[in-house]
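Undergrad: Sharing a structure with you now.
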Amino acid sequence: MRKAVLLFIFSLLAILCVAQDLKTFTITPPGEGGFSFVMTKGTESTMPIPIEGKSMEVAAPDDPNGHQVHVIDNAINRAASSDLISILKTKKYSPKSDEFNLIANVEFQFKTISGSLPAGTLTLLTGDKPRTILITASDKNKVTTQFIPENSRSYEFTYEAEGEKKSITGTIADDKDAGPTVVEIEIDAEFGEVNAEAPATGAGEKTEEKAKDVGQNPFMSFLRLIVGLAVVGGLGYGAYYYYKNNQKLVENMANQAGLVPNQNPDPTGALPPEPVKKDLQKIDLGGGSPLSVSMERGPGGEAISPQTFTKNPRLVTAAGDIHLIPEGNQTVGREAASLTLAGESSVSRHHANISRSGDQISVSDAGSTNGTYINGTKIASPTVLNPGDTIQFGAVAYRYEE
């Protein structure tokens, strides 16, 4: 009776821990079609996810602190935003039309007389907290930023040319067309081409320090540890209890599987006799000539077996997790798939298929709710992957590598 009570308590605690981690919410835009959403934290940003239908259920990250949710009206390049903590209190986010008061995407283009701008500082005067973007040669005279308030469109750009510090001020145009708002900044100076190896950030913004994630609840972490130890201990005790009561059966099964070494070795300690060596025989194909195999020879004359070198195709997440793609067909889904994305509410149970034939990899959608995208474009038929392509199943993104 005591064991049953303890098992029930540990099971209840495990269910509570899992329930604590499951956080979802629903996004309902003011219209149907032409909307997408982005989730950001500091300078990090997810890829835009299209919102299909009237609403879409979204899975929140384990730690929602510091995250912002932006719903974008792609037709007018405007966005509405709210912090994720506030959204999770009601489990829904339904922005109204008059809340889309952020410029979703702005692209700054620096027009020099010649060459790439080596360095500069772009300051967006967005209310009480200006936003600073550092420009480097790796940006190649172009940088993009997101979610700028409509009523704070002034900017100042400072740079150095011919030993003098110069500045240019201006405003972002009130453009409500589809696509990013383009701002051209004329720079009356010549610069040499700089081979910069520094990688450019996806949104063009660089900060001195990267925002740190807020730690998980220490009580919940300790509780998970206790539950994990209890589960491992219970499994170990169960295995021991079964062996104790079925010792003969377990030993017989181990003997049949070859897991138990020979208990009666040769008492003399003699080694087993070497196998009898036989001369290789020629195989007659019926025409009187033996079958011969052409072997490549190494520097010392030794034979080298022919090998076939193939690529190593794989899907890689932003966190560095790798999924290898073997020969044949694979499934992608939320449950019981070759690539199982458990807990991802944006992924259907059977979401997509991956097919490999030799070195050619193709992806097809399996009628999923939220679609399959390659490089931001929704696919409707099997599509061949190329190195560097971005593949997105619902809200889960991968990069294809070979």
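Undergrad: Right, Thr112: in contact with a strand residue (DSSP E or B) (Cβ under 8 Å, 6 or more places away or on another chain), polar (S, T, N, Q) and open to solvent by 40 Å² or more (accessible area, probe 1.4 Å) or not?
TA: Answer is no for this residue.
Undergrad: While we're here: Any residue at all in segment 316-324 that's modelled with pLDDT of 95 or more, open to solvent by less than 60 Å² (accessible area, probe 1.4 Å), not small (Gly, Ala, Ser) and not in a loop (DSSP other than H, G, I, E, B)?
TA: Within segment 316-324 (the criterion being modelled with pLDDT of 95 or more, open to solvent by less than 60 Å² (accessible area, probe 1.4 Å), not small (Gly, Ala, Ser) and not in a loop (DSSP other than H, G, I, E, B)), the answer is no, since none of the residues qualifies.
Undergrad: Please go through segment 72-86 and give me each residue that is open to solvent by less than 30 Å² (accessible area, probe 1.4 Å), of a type in the set (A, V, I, L, M) and touching a His at 6+ places or on another chain (Cβ under 9 Å), ordered by number.
TA: Ala79, Ala80, Leu84
Undergrad: Right, another one. Which of the following residues is at pLDDT below 90, exposed (fewer than 15 other Cβ atoms within 10 Å of the Cβ) and either farther than 30 Å from Thr24 by Cα or in contact with a Gly (Cβ under 9 Å, 6 or more places away or on another chain) (or both): Gly127, Gly179?
TA: Of the residues listed, the single one that is at pLDDT below 90, exposed (fewer than 15 other Cβ atoms within 10 Å of the Cβ) and either farther than 30 Å from Thr24 by Cα or in contact with a Gly (Cβ under 9 Å, 6 or more places away or on another chain) (or both) is Gly127.
Undergrad: Looking at Asp98 and the list (1) free of Cβ contacts under 8 Å to residues at least 12 places away in the same chain; (2) assigned to a loop (DSSP other than H, G, I, E, B), which single condition is not satisfied?
TA: (2)
Undergrad: Same structure, new question: Taking the residues in segment 132-160 that are part of a strand (DSSP E or B) and within 14 Å of Thr171 (Cα to Cα) as candidates, determine which candidate is most open to solvent (accessible area, probe 1.4 Å).
TA: Glu156
Undergrad: Turning to a different aspect of this structure: Among the residues of segment 393-402, what is the count of those that are within 18 Å of Gly328 (Cα to Cα) and open to solvent by 30 Å² or more (accessible area, probe 1.4 Å)?
TA: Qualifying residue count for the region: 2.
Undergrad: Moving to a separate point now. Looking at (1) modelled with pLDDT of 90 or more; (2) under 18 Å from Asn105 (Cβ atoms); (3) not charged (D, E, K, R), find the lone condition where Asn151 falls short.
TA: Every condition holds for Asn151 apart from (1).
Undergrad: Right, another one. Any idea how many residues of segment 66-92 are closer than 15 Å to Phe147 by Cβ and in a strand (DSSP E or B)?
TA: Residues that pass the stated criteria total 13.
Undergrad: Select from segment 45-65 the residues that are under 17 Å from Ala318 (Cβ atoms) and touching a residue at least 40 places away in the same chain (Cβ under 8 Å) and write down the one among them that is most open to solvent (accessible area, probe 1.4 Å).
TA: Asp62
Undergrad: Are any of the residues in segment 217-226 modelled with pLDDT under 75, more than 24 Å from Asn65 (Cβ to Cβ) and not in a helix (DSSP H, G or I)?
TA: no
The values are calculated or read from the model by the stated rules, or taken from the named source; none is laboratory data. Keep in mind that what you see is a predicted model, and the values were worked out from it rather than measured. Note that each Cβ is placed from the backbone with ideal geometry, even for glycine, and that neighbours are counted across all protein chains shown. For the accessible areas, the whole protein counts, side chains as well, though only heavy atoms, and no ligand, DNA or RNA atoms are used. Shrake-Rupley method; radii C 1.70, N 1.55, O 1.52, S 1.80 Å.
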